[in-house]
Amino acid sequence: GQAGESAPALVNALRRMWQTETAWNATVAGMLAPGEHYDRVLQVRDDIFWFQDLDLSSFPDPRLKQDADVVYSADISGLCAIKPRGKSTDRVFLTSGQAADRLLRMYTTYFQLRDPRIDASRNLEG
């Protein structure tokens, strides 16, 4: 992106993406056979506090084909909801295992994706 005041935020975001991807790669390598996926993956940043249990029965079964790529997230201070095209926070994600395998590799994707919109962005949100 363009140089500016958001450069430290970008470095921090890239560091967080690298840490997440490194942990995910180690998890997948040590726990799953090739071609297998977790049913669901819950990614939570360390600055999140829970006030009650998360009832997974409230979410569709990601093993069903139509829900295989689903990602649930929340608006800031919002409730968990499907966000197919909207903006969402990166504080909590509940995904299918199939979607997690792509979502949790954002660091690699950032450097492999050649898109002029990324180079022209002024901040992390676009």
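Is it true that some residue in segment 100-109 is part of a helix (DSSP H, G or I), among the hydrophobic types (A, V, I, L, M, F, W, C), out of contact with any helix residue (DSSP H, G or I) (no Cβ under 7 Å at 6 or more places or on another chain) and modelled with pLDDT of 60 or more?
So far as segment 100-109 goes, yes, one or more of its residues are part of a helix (DSSP H, G or I), among the hydrophobic types (A, V, I, L, M, F, W, C), out of contact with any helix residue (DSSP H, G or I) (no Cβ under 7 Å at 6 or more places or on another chain) and modelled with pLDDT of 60 or more.
To keep it simple, each residue is scored yes or no on (1) modelled with pLDDT of 70 or more; (2) of a type in the set (F, W, Y); (3) open to solvent by less than 80 Å² (accessible area, probe 1.4 Å).
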site	(1), (2), (3)
G30	yes, no, yes
D39	yes, no, yes
V44	yes, no, yes
K65	no, no, no
V70	yes, no, yes
G78	no, no, yes
K83	no, no, yes
K87	no, no, no
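Could you tell me which numbered condition P60 fails, if it satisfies all but one of (1) under 30 Å from A120 (Cα atoms); (2) open to solvent by 50 Å² or more (accessible area, probe 1.4 Å); (3) at pLDDT below 85; (4) in contact with a helix residue (DSSP H, G or I) (Cβ under 6 Å, 6 or more places away or on another chain)?
Condition (1) is where P60 drops out.
For the structure I just gave you, tell me whether R114 is open to solvent by 80 Å² or more (accessible area, probe 1.4 Å), under 12 Å from the mean Cα position of the chain (by Cα), at pLDDT 70 or above and not β-branched (V, I, T). Give the derivation first.
Numbers: open to solvent by 80 Å² or more (accessible area, probe 1.4 Å): yes; under 12 Å from the mean Cα position of the chain (by Cα): no; at pLDDT 70 or above: yes; not β-branched (V, I, T): yes.
No.
Within segment 23-56, count every residue that is hydroxyl-bearing (S, T, Y) and without any contact (Cβ under 8 Å) to a residue 40 or more places away in the chain.
1
The values are calculated or read from the model by the stated rules, or taken from the named source; none is laboratory data. None of these values were measured; they are calculated from a predicted model. So basically every Cβ, Gly included, is an ideal-geometry build from the backbone, and we count neighbours across all protein chains shown. Areas reflect the complete protein model, heavy atoms only, side chains present, ligands, DNA and RNA absent. Shrake-Rupley method; radii C 1.70, N 1.55, O 1.52, S 1.80 Å.
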